[in-house]
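Take this structure first; my questions come after.
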Amino acid sequence: MSVLVTGATGFIGSALARQLVRRGERVVLLVRRQSKLYAIEDILDSVELRYGDVTDLESLQAAMHGIDYVYHCAGKAYIGPKKAEELYRINVEGTKNVLRAAERHHVKRLIYTSSISAIGITGTKQPADESQTWNLDELNVPYYTTKHLAEEEVRKAAQNQLDCVIVNPSYVFGAGDINFHAGRLIRDLYYHKIPAYPTGGICVADVEDVAEGHIAAMEKGKCGERYILGGENLTYKQVFDIICQVVGAPRVLIPLSESIVKIFIALTAKARRLHRITSLANREILLSASKFFYFTSEKAKRELGFDNRRSVGEAFVETIARSFSWYRSRQLI
């Protein structure tokens with residue numbers, strides 16, 4: 001049996017590919033010709049590389065030849081006011097292309113890596129589950145919208161006889177975050193570039209737990225269903241305090257509520273241009289971070305046997321420590 005992973009040069013995809021190799025699977029990785037292979041350099045001798053791009057259907061048709069199972073992890077993650085067209089092309093059209101190629105080659109099962117942002121939030125501190133109605137359109141964030149629309153395409157494919165399962169990782173930390181997604185918080189807090197903390201909260205997770213959750217979904221997930229792969233629900237103040245404790249930075253003491261986000265953005269515009277404060281301080285991110293993106297993984301635990309042991313309690317402190325150590329050992333911080 002052969003397994004194809006898209007997005008394997010990214011954070012979740014590379015962690016998943018590494019776990020599949022350790023399990024003795026025959027692993028094929030879809031990479032672009034221009035992709036940097038730094039995230040998977042330790043497993044290059046154990047995998048087959050096939051060149052292609054999710055936005056190029058013809059290349060996907062060639063890459064999918066002889067493949068039994070697919071993990072579609074490729075996607076564009078960007079929360080900001082720009083790149084709407086690029087996000088749609090990669091996240092929605094790219095997913096359509098992967099589904100078409102999988103259907104043509106009679107792939108036995110496909111796992112789609114979605115996001116908690118495709119689920120929606122309860123509007124309170126009550127964690128959302130998989131039945132939550134998507135309601136993030138009011139935030140006007142193209143990334144959220146494209147992940148929601150891509151999920152709709154996967155559900156359509158499942159109704160048309162392609163065996164698909166959706167997984168929804170939460171806010172993922174861990175070693176290997178080469179592109180500084182959640183890891184940007186670690187970097188920017190270390191360099192004292194975050195002057196205030198948002199007053200909302202987030203569901204955090206360890207990348208190794210999330211990778212294991214993908215494999216569990218492949219083995220046990222129900223066709224057409226989605227599964228939240230998350231860990232502990234923490235306020236941003238708690239997340240910031242944990243990171244500052246680990247990296248040895250002073251705690252951030254100033255709260256930034258939703259009501260003053262626009263004022264804060266206006267007052268810090270020059271500082272952002274000069275890179276004196278974090279680029280995370282944009283309208284879309286700060287308004288999102290003023291809300292509670294809290295989620296429960298009980299369905300994944302119950303139906304998949306999902307184990308988020310690295311993502312809760314003191315174990316999450318170790319996740320941040322491993323992440324920071326990984327960055328320091330590679331001189332990225």
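Rule-based calculations on the coordinates, nothing more; no lab input. Since the model is a prediction, treat every value here as computed from it, not as a measurement. Glycine also receives a Cβ, built like all others from the backbone with ideal geometry; neighbour counts cover every protein chain displayed.
Less than 9 Å Cβ to Cβ from Lys299, Lys/Arg counted +1 and Asp/Glu -1: what total charge do the surrounding residues give? Numbers along the way, then the final one.
Numbers: positive: Arg226, Lys301, Arg302; negative: Asp129, Glu130, Glu225, Glu298, Glu303.
Surrounding charge for Lys299 is -2.
Can you list the aspartates and glutamates whose alpha carbon is less than 13 Å from that of Lys125, not counting same-chain residues fewer than 8 positions off?
Glu232
Beyond 21 Å, how much of the Cα-Cα pair distribution for region 56-168 remains, as a whole percent? Show your work: numbers first, answer last.
On the way: 2408 of 6328 pairs.
Counting every Cα pair in region 56-168, those more than 21 Å apart make up 38 percent.
Another question, then. Sorted from largest down, what three extents in whole angstroms do the Cα atoms of region 105-235 have along their principal axes?
Taking max minus min along each principal axis of the Cα atoms, region 105-235 gives 51, 32, 25 Å.
Still on this structure, please answer the following. Quick one: compute a quarter of the convex hull surface over the Cα atoms of region 272-311 and quote it in nm². Please list the in-between numbers first.
Values: hull surface 18.4 nm².
For region 272-311, averaging the hull's shadow over all directions gives 4.6 nm².
Same structure, new question: Given the C-alpha centroids of region 278-308 and region 144-204, what is the distance between them in whole angstrom?
7
List the pairs from Lys76/Lys299; Lys108/Lys220; Lys82/Lys156; Lys222/Lys299; Lys147/Lys193; Lys222/Lys301 whose alpha-carbon separation is above 18 Å, in the order I gave them.
On the way: Lys76/Lys299 27 Å; Lys108/Lys220 13 Å; Lys82/Lys156 28 Å; Lys222/Lys299 11 Å; Lys147/Lys193 29 Å; Lys222/Lys301 13 Å.
Too far apart for the 18 Å limit: Lys76/Lys299; Lys82/Lys156; Lys147/Lys193.
Here's a follow-up. Can you work out the FRET efficiency for the pair Asp56 and Cys223, with r the C-beta to C-beta distance and R0 = 30 Å, to the nearest 0.05? Intermediate values should be presented prior to the final figure.
Numbers: r = 27 Å, r/R0 = 0.91.
Computed FRET efficiency for Asp56 and Cys223: 0.65.
What does the charge add up to near Ala74, with Lys and Arg as +1, Asp and Glu as -1, over the other residues with Cβ less than 11 Å from its Cβ?
Details: positive: Arg32, Lys76; negative: Asp53.
Local charge sum for Ala74: +1.
If you place +1 on the Cβ of every Lys and Arg and -1 on the Cβ of every Asp and Glu, how big does the dipole about the Cα centre of region 76-216 come out, in debye to the nearest 20? Walk me through the numbers before you get to the answer.
On the way: 16 positive and 18 negative charges, 83 e Å.
Charge dipole of region 76-216: 400 debye, to the nearest 20.
Based only on Cα atoms, what mean projected area does the convex hull of region 199-333 have, in nm²?
Working: hull surface 40.0 nm².
Directional mean of the projected Cα hull area for region 199-333 stands at 10.0 nm².
How large is the dipole of region 208-333 about the Cα centre if only Lys and Arg carry +1 and Asp and Glu carry -1, each at its Cβ, rounded to the nearest 20 debye?
Working: 20 positive and 14 negative charges, 146 e Å.
I would put it at about 700 debye.
Remind me, what semi-axes does region 1-129 give for its equivalent ellipsoid, largest first in whole Å, using sqrt of 5 times each Cα gyration tensor eigenvalue? Numbers along the way, then the final one.
Details: eigenvalues 127, 61, 50 Å².
Gyration-tensor ellipsoid for region 1-129: 25, 17, 16 Å.
Who wins for biggest fluctuation among Ser288, Ser114, Ser131 in a Gaussian network model of the chain, springs between alpha carbons below 10 Å?
Ser131
Within the chain, which is the longest segment containing none of the trypsin sites (Lys or Arg not before Pro) that sit in a DSSP loop and have at most 14 other Cβ atoms within 10 Å? If you can, show how the numbers build up before the last one.
Details: sites that count: Arg23, Arg33, Lys36, Lys82, Lys108, Lys125, Lys222, Arg251, Arg276, Arg330.
The longest such stretch corresponds to 126-221.
Quick one: plug the Kirkwood hydrodynamic radius of the chain (C-alpha pairs) into Stokes-Einstein at 37 °C, 0.692 mPa s, and report D in µm²/s. Working shown, then result.
Working: Rh = 20.1 Å.
Using the Kirkwood radius from Cα pairs, D works out to 163 µm²/s.
A further question follows. Taking the Cα centre of the chain as origin, work out the dipole magnitude from +1 charges on Lys and Arg Cβ and -1 charges on Asp and Glu Cβ, in debye rounded to 20.
On the way: 44 positive and 38 negative charges, 198 e Å.
Roughly 940 debye, rounded to the nearest 20.
To the nearest 500 deg cm²/dmol, what mean residue ellipticity at 222 nm is calculated for the chain from DSSP H runs of n ≥ 4 alone, each contributing -39,500 (n - 2.57), summed and divided by the residues? Can you show the working numbers first?
Details: 13 runs with 128 residues, N = 333.
Helices in the chain give a 222 nm mean residue ellipticity of -11000 deg cm²/dmol.
Under a Cβ-Cβ cut-off of 13 Å, what is the net charge of the residues other than Glu85 that fall near it, where Lys and Arg count +1 and Asp and Glu count -1? Display every interim value, and only then the final one.
Values: positive: Lys76, Lys82, Lys83, Arg89; negative: Glu86, Glu93.
After counting each charged neighbour, the total is +2.
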